[in-house]
Structures are given as structure tokens and as C-alpha cells.
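Chemist: Please find one structure pasted underneath; my questions will follow.
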Ligand code: C2E
Ligand code: CA
Ligand code: CA
């Protein structure tokens with residue numbers, strides 16, 4: 001597993017970490033999630049792997065929050081875990097989540113489940129009920145890769161989502177492509193009207209970061225700030241109360 005920091009752009013403090021799966025094959029080396037996750041989904045292995053991810057991520061979060069509490073100031077930290085459509089279709093994620101929450105003692109409000117837009121394209125009634133069941137446990141829900149899917153915007157009204165993650169394809173041209181700037185501005189305005197949090201993904205340059213701040217985006221994630229790292233790396237950042245120098249940008 002790897003974890004990637006999400007930074008609050010007004011304070012430079014890490015406010016969340018996204019849990020990301022990794023597979024280090026003994027002979028083939030690192031295999032990208034885009035290669036193996038579809039196979040894990042087809043074979044159904046995503047269900048036990050996903051359960052394990054959720055347990056690990058929540059367990060880690062509790063440990064990091066404990067370190068934070070021993071430090072001066074109140075710096076909340078949350079964790080984001082990716083859920084695939086297949087997990088929702090073939091397993092009782094709410095049941096799993098209830099168990100993990102009680103085993104780890106994590107505050108449900110500190111757990112965010114990231115779902116791609118494909119969830120919202122399928123059976124609206126089924127997924128509406130499934131997501132409502134998850135929400136009822138107190139966790140938050142985010143739409144991942146926002147703007148890249150094909151579903152209608154009406155799902156923002158129909159589903160109980162709390163946040164959107166602006167996909168890297170839009171962040172890419174910020175500061176250079178006026179269309180990308182306009183699109184992100186529109187997403188931010190819409191999210192603001194619907195009271196959804198916005199996180200920008202895939203921030204790689206200072207220009208992108210500057211533009212995001214100017215557009216009022218509060219949270220960002222990307223190689224410029226930090227690459228996904230092993231849990232130890234996050235422990236180090238938490239222990240040293242690391243702050244990113246983004247406040248002045
Ligand atoms: P995602 O949820 O959109 O995750 C963000 C991806 O962007 C990660 O790729 C991350 O390493 C990469 N990334 C972060 N910052 C940058 C940047 O500045 N530039 C570039 N070029 N890339 C950046 P990763 O780890 O390869 O994961 C790919 C996808 O695999 C994820 O996309 C997610 O959809 C899926 N995935 C990963 N872990 C899990 C998991 O535990 N469960 C499920 N269901 N899906 C997962
Ligand atoms: Ca994600
Ligand atoms: Ca994403």
C-alpha cells in the first residue's frame with residue numbers, strides 16, 4: 001500500500017492521505033494499478049483486497065492521529081479509500097465498513113470513500129441505496145476523476161456526496177490552457193453552490209498550484225507536493241509536523 005498526502009493550500013498542512021494499492025511482483029517489479037485492478041475486479045479478488053485496504057488504511061489513520069494529538073495545535077487528518085463498482089455490486093461494503101470502524105475505533109467522519117463516476121451511471125436505485133447505507137455510517141463520499149465520466153450532473157443532487165476530486169486532465173493545462181482554467185473554475189463554482197469540497201489531483205507544477213489557489217481550490221494532491229509513499233513516509237511527515245511552503249503562493 002502507498003499513501004499520498006493531500007495538502008490544505010491555505011495552511012500547507014497535510015489534511016488527508018489517499019490510500020493507493022501497489023503490487024510489487026517478484027519478477028516483473030512494480031505493476032501499475034491500472035493494469036492489475038481491472039483484473040482484480042474481473043476475478044472478484046478486489047473484494048478481499050478492498051477489505052484489506054480499508055482495514056489497513058483505518059488502522060494507520062488511528063496511529064497517525066494519535067501522533068498528531070500529542071502535538072500542539074489541532075490538525076485534523078482524514079483518510080481516503082478508493083472503492084470500485086464491483087465491490088459495491090458484489091459485497092456488503094456497509095457491513096465490512098461497520099466492522100472496520102468498530103475494530104479500529106476510527107471516527108467515521110474521518111473516512112472518505114472515493115467512487116468513480118461509473119458508479120453513478122449504473123442502476124441508480126441500487127447504488128443510491130448502497131451509498132445511502134454507507135453515508136448512514138457517518139463516512140463521507142467523494143466523486144473521483146470528476147468530469148471524466150459520462151453520467152449526468154443530476155447525480156450530484158440524487159446521491160449523498162460530500163466532495164469532488166478534479167481529475168488530472170483538467171489540472172494539466174491550468175496556467176497554460178484557458179479552457180482548462182475555465183472548466184476548473186466552473187467545477188469550483190458548481191461545487192461551491194452544492195456545498196461540496198474540492199480537491200485537485202495530479203498537481204505537478206507551481207503554475208498549476210498558483211492557478212488553483214487563484215480559483216479558490218482549497219485542497220491539492222500531486223507529485224509537486226508529494227508522491228505516494230509507504231506508511232513510514234507518512235509517519236515521518238506527521239511526526240515532524242511537516243508543512244508545505246504553499247501558503248505564500
Ligand atoms: P486515482 O484514485 O485517481 O488515484 C490517483 C492516481 O494518480 C494514483 O495513481 C497516483 O499515484 C497518481 N498521481 C498522483 N499525483 C500525481 C501527479 O502529480 N501526476 C501524475 N501523473 N499522477 C499522479 P495509481 O496509484 O497508479 O492509481 C491509479 C488508479 O488505480 C487510482 O486512480 C484508482 O482508480 C485505482 N486504485 C488505486 N488503489 C486502489 C484501491 O485500493 N482500490 C480501488 N478500487 N482502486 C484503486
Ligand atoms: Ca482516488
Ligand atoms: Ca482520481
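The values are calculated or read from the model by the stated rules, or taken from the named source; none is laboratory data. All values derive from a computational prediction rather than experimental measurement. For neighbour counting, all protein chains shown are included, and Cβ atoms are generated from backbone atoms with ideal geometry for every residue, glycine included.
Chemist: Go over the candidates 222, 216, 175, 147 one by one and state the one that is surrounded by fewer than 20 Cβ atoms within 10 Å (Cβ to Cβ), at positive phi and under 16 Å from the mean Cα position of the chain (by Cα).
Modeler: Answer to the selection: 147.
Chemist: Report yes if some residue within the stretch 108-121 is more than 16 Å from the chain's Cα centre (by Cα), assigned to a loop (DSSP other than H, G, I, E, B) and either farther than 17 Å from residue 196 by Cβ or modelled with pLDDT of 95 or more (or both); otherwise report no.
Modeler: Within the stretch 108-121, not a single residue is more than 16 Å from the chain's Cα centre (by Cα), assigned to a loop (DSSP other than H, G, I, E, B) and either farther than 17 Å from residue 196 by Cβ or modelled with pLDDT of 95 or more (or both).
Chemist: Hey, can you tell me all the residues within the stretch 65-100 that are over 17 Å from residue 162 (Cβ atoms) and within 16 Å of ligand 3 (Cβ to nearest atom)?
Modeler: Scanning the stretch 65-100 gives 84, 85.
Chemist: I'd like the full set of residues that are within 18 Å of residue 211 (Cβ to Cβ) and over 13 Å from the mean Cα position of the chain (by Cα), limited to the stretch 1-18.
Modeler: Answer for the stretch 1-18, where residues must be within 18 Å of residue 211 (Cβ to Cβ) and over 13 Å from the mean Cα position of the chain (by Cα): 8, 9, 10, 12.
Chemist: Say whether the condition of being more than 20 Å from residue 228 (Cβ to Cβ) and crowded, with 18+ Cβ neighbours inside 10 Å is met by at least one residue in the stretch 31-41.
Modeler: Looking for residues that are more than 20 Å from residue 228 (Cβ to Cβ) and crowded, with 18+ Cβ neighbours inside 10 Å, one finds at least one in the stretch 31-41, hence yes.
Chemist: Continuing with the same structure: Please give the number of the condition residue 188 fails out of (1) closer than 24 Å to residue 213 by Cα; (2) away from ligand 1 (no atom under 14 Å from the Cβ); (3) in contact (Cβ under 8 Å) with a residue 12 or more places away in the chain; (4) in a loop (DSSP other than H, G, I, E, B).
Modeler: (4)
Chemist: Based on this model, can you work out whether residue 211 counts as crowded, with 20+ Cβ neighbours inside 10 Å and not in a loop (DSSP other than H, G, I, E, B)?
Modeler: Answer is yes for this residue.
Chemist: Ok, one more. Pick from 128, 133: which is in a helix (DSSP H, G or I), more than 15 Å from ligand 2 (Cβ to nearest atom) and farther than 27 Å from residue 15 by Cα?
Modeler: Result of the check over 128, 133: 128.
Chemist: When you go through 38, 33 one by one, which is the residue that is free of Cβ contacts under 8 Å to residues at least 24 places away in the same chain, in contact with a strand residue (DSSP E or B) (Cβ under 9 Å, 6 or more places away or on another chain), within 16 Å of ligand 2 (Cβ to nearest atom) and within 30 Å of residue 126 (Cβ to Cβ)?
Modeler: 33
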